[in-house]
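Here's the structure, in structure tokens; my notes come after.
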Amino acid sequence: MHQEREYAAQHNLLDPVHKTASDTHAAYDAGARMLKEKGTPIVLATHNWASIQKALDNPNAGFAQLYGMGDWMTVEVARRGVPSYKYVPYGSVHETVPFLLLWLMFVYLLIRY
């Protein structure tokens, strides 16, 4: 997130990162709601249970999460008959480690607060 903010500042762009987690969740939910209203098929990839619950009534939505994270949510969504997926990063160590480190930082921030 810091890199994105620095890049935006250096290039006179708007800050692409929401100020708070609540702002991020609100923007995510608004996007999911807009796609539902348009009838656009979508796979929502989130570990935010509140966002999942808001989108469960969308007949065009499926849900996906990183393998090994939020498994109870995937099971609950699948139990309700909604398409549910787990994804696994695939590629060389050079390609996948940055992605996994990003998730590690994200989880640390969630646990820390």
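The values are calculated or read from the model by the stated rules, or taken from the named source; none is laboratory data. Keep in mind the model is a prediction, meaning the values are calculated, not measured. FYI the Cβ positions are ideal-geometry reconstructions off the backbone, even for glycines, and counts take in every protein chain you see.
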Restricting attention to segment 36-55, does a residue exist that is surrounded by fewer than 16 Cβ atoms within 10 Å (Cβ to Cβ) and hydroxyl-bearing (Ser, Thr, Tyr)?
yes
Restricting to segment 25-43, give me the number of residues that are among the aliphatic types (A, V, I, L, M) and in contact with a helix residue (DSSP H, G or I) (Cβ under 6 Å, 6 or more places away or on another chain).
2
Which of the numbered conditions does Asp71 fail, given that it passes all the others? Conditions: (1) more than 22 Å from Met105 (Cα to Cα); (2) without any contact (Cβ under 8 Å) to a residue 24 or more places away in the chain.
(1)
When you look at Ala27, is it surrounded by 13 or more Cβ atoms within 10 Å (Cβ to Cβ), in a helix (DSSP H, G or I) and of a type in the set (A, V, I, L, M), yes or no?
no
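Just name the residue that is farthest from His47 (Cα to Cα) out of those in segment 66-92 that are aliphatic (A, V, I, L, M) and modelled with pLDDT under 90.
Among those that are aliphatic (A, V, I, L, M) and modelled with pLDDT under 90, it is Val88.
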